Structures are given as C-alpha cells and as structure tokens.
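Heads up, the thing below is written out as structure tokens.
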Amino acid sequence: MKKLIIPAIMMVAASNAAAMGNLKFGNLEINPFVSTQESYDNNIYLEMKGKNSSLINRTGIGVDLLHKLGSRIDLSGGYTMELLAYDESPATNNAVHNMAGLGVKVRLPKNMSLSVDNKYADTTDQATTQETDRAGRIQNNATARFEAPIRGKFGFALEAGHTYHDYVKVAANDKLDRQELLAGADLTCQIMPKTKAMLSWRYGDLDYRLDTDKGDATYHNVELGLVGNIAPKLTGTVKAGLQMRDYDQGNTGVDNDIDTFGYSAQLLWKAVPRTDIALFARRANVETSYLTSRFYTSTLTDLSFSREVRKVKLTLGGNYELVEYAENTAGKTRPREDRNIAARLAADYNIQKWLKAGLSFSHKARLSNDGAAGVEFGYRNNVAAASLKAMF
C-alpha cells in the first residue's frame, strides 16, 4: 500500500506546483522535486548461479536552490534523499541515501571568474549476498577553480580539489578508505570561434587510511584536448594523455613506477532535428582492493541514439568495458581481466513541463577470466523499470 500512496501524493503535489511555478523569494529561487521508480531486477546480487530477484521501489525527494547576490555572485545548493525499498530480504537491501551540494561562482573584472563547489554523498553499494548488508559509503568532493584570459586567444585556469572516501559497515571495504588531493592548471587557445585547444596538467596525491603497503602514491596527469565545436554538428570534449604513478612501496617484484596512456571523450552529434547521437569513451585507472592489485585500468565505450517523437523521447544505447588488472595476484598465472557488456532501451514521456514519465529496460553481463577463492565473477542481469518525476 505504501508504494501506491507515495506516487499518489506526488501527483497531487505536482499538480499544485504546476499552477504555482518555482518558488521565489526576492533573488532566491527554490526548485523542489520528487520522483519514484518501480523496477524488477532479476539478479540483485549479481551472481552467475542461484539468482535472487526483487521488486524495488526507489523514491527521491529533494530541492535545488539558486540565489543571486547582485550581478556578479551566484550561490547554489541542493539536497536529495533517496529511499530504496526491496521486497527481497528488505532488512539487508533497504537503504536511505543522502546527497547534498553547495557552490558559489564569482564573476570578476576582465572576464575572470572564481568558483568553489562541495558535493557530499552518504550512499550504499549493492549487497552481494543475502547475509551481507549493503556497504555504506561516504564521499565528499571539494573543488576550487580560477579562470582568466591571458592575451588575445589564450587563457588559463588554476584548479585544486580534495576527495574523501569512507566505507562503513563492511570491514573488507575499509581497504578503500582514502583521501585524494588533485591540483594543477589548464592552458587554452581559441583556434576557432567556438573551439578551444587545451593543455592540462594535474598533480595528485593518494593517501590510504589503512597501512596496506600498496596504495599510497603520487601521480602526474598530462593531457591534450579539444573543447567546443569539434566538427559540423558535433560538440563536446576530447582529451588524451598520460598518467605517471609513483607508489611509495609495493609487493616484491612489482614495479612502483607505472605509466598509463588514457583518454576521454564526451561528444554529441545532432545529426538531424530532434535526433541526438552521443558518444562517451574513457580509459583511466581505478582504485581497487582486489587481492594484491592496487588498481585496474578501465577502457569504456558507450554509444546512444535518441529520437524525439512529439512528447516522447526514445533512447537506444549500449556500452562495452574492458577491465584489466595491472598486476598478477597471488597464485595466478595471469592478471584478472573482465569484459562488461550492457544494452538499454528507454522511453521518456513529457506529460507536462513539470511532470515526466518513463519506461526502461537494461541488460548487463560480465565475462571474467578469474574465479578466485571459488567465487565466479561473471553474471547476467536484467532490469525493467517505470518511473515518474515531478519538478515543482
């Protein structure tokens, strides 16, 4: 009954909000929203055998805030609470997530700007067995960025950030508790009216809370890229570069100075009116606590096709990810390697400007060459969902 009451309340609240519009008090703009999603997941623990299915209700309530202080300063913030309700092992799987953010942007004289943002999330990772609670995770990201033109077509930016990770409840995840400092600069050059070339450098410092003798490291990221109009009807960002890691210490026989080629692309091609083709690609290192591996390299390519037909937006997409663990693990003749494959189909219907409904289906599969300690890492997973979102 609770699952039926929540959407009903949303519909009534949203209909009242439609007449009212966004709430404004002087220069303060308040944008509340509420959403609900009912889904069926046929493999909630991502197992190859002995699959467990569940109906899942995901309800979100939140608010976005924007306040202008004169013509030069914008203050922004927001908060979202997300409630997860499973009909399979609710004591293990149910969860409450809290996410909040604060930001300020200051427009300075001579086209300079300064922005500061902080994002906080108190969430959980998916449970892996019926007996294991979802792993709680707290993450906080703080970033400051200063941008300024130099002369003519050139400009530069200075950026510094701090990220904090704290895993709770599941002791095995404590190995990933860490903080990361990242600071550096960007140099840009306007090569066309709507296109910039970019040279970026970042210095990073990884500091793990537990003395694992393998995770602490410093690194340098150097990248070249293009931002803006890459080609006719094609916009986005393309970068490629090198990460040079220097670990404080490691296992016997393991190289502590590691160089990894990486790239990223976020491209949108508006082929014809009401039709978008989006590409996301990335090759980067990801931290891991898997056995003796310190990180793995993820190579991901995601392609989606969207078409608007009146008030309905249809999206078809899929991705392929190659996960390569950089180092041999104890007792293994070769490093672990996973192949993750996913496909999705979605339809979003704009009932009103403030009310949107959606239907979706997704399929995921993992193929792995490793079954350490009798654990099979491969799985197949299907999820069908219906959603509703009201934006006041």
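The values are calculated or read from the model by the stated rules, or taken from the named source; none is laboratory data. What you see is a predicted model, and the numbers here were worked out from it, not measured in a lab. No Cβ is skipped: glycine too gets one built from the backbone with ideal geometry, and neighbour counts run over all protein chains shown.
When the criteria are applied in full, VAL116 meets the requirement of being aliphatic (A, V, I, L, M), modelled with pLDDT of 95 or more and surrounded by fewer than 16 Cβ atoms within 10 Å (Cβ to Cβ).
Comparison of ALA217, ALA278, ALA271 shows that the only residue that is over 30 Å from ASP177 (Cα atoms), hydrophobic (A, V, I, L, M, F, W, C), out of contact with any Cys (no Cβ under 8 Å at 6 or more places or on another chain) and modelled with pLDDT under 95 is ALA271.
Suppose the filter is surrounded by fewer than 17 Cβ atoms within 10 Å (Cβ to Cβ) and in contact with a strand residue (DSSP E or B) (Cβ under 6 Å, 6 or more places away or on another chain); does PHE295 pass it? Against the criterion (surrounded by fewer than 17 Cβ atoms within 10 Å (Cβ to Cβ) and in contact with a strand residue (DSSP E or B) (Cβ under 6 Å, 6 or more places away or on another chain)), PHE295 does not qualify.
Taking the conditions (1) of a type in the set (Gly, Ala, Ser); (2) over 26 Å from the mean Cα position of the chain (by Cα); (3) at pLDDT 95 or above in turn, GLY236 satisfies each one other than (2). The number of residues in segment 170-192 being buried (at least 17 other Cβ atoms within 10 Å of the Cβ) and either closer than 30 Å to GLY152 by Cα or at pLDDT 95 or above (or both) comes to 5. Restricted to segment 14-89, the set of strands (runs of 3 or more DSSP E) holding at least 1 residues that are of a type in the set (A, V, I, L, M, F, W, C), under 30 Å from SER113 (Cα atoms) and modelled with pLDDT under 95 comprises 23-25, 28-41, 54-69. From the list LYS119, LYS68, LYS110, the one residue that fits, being among the basic types (Lys, Arg) and over 30 Å from LEU23 (Cβ atoms), is LYS110.
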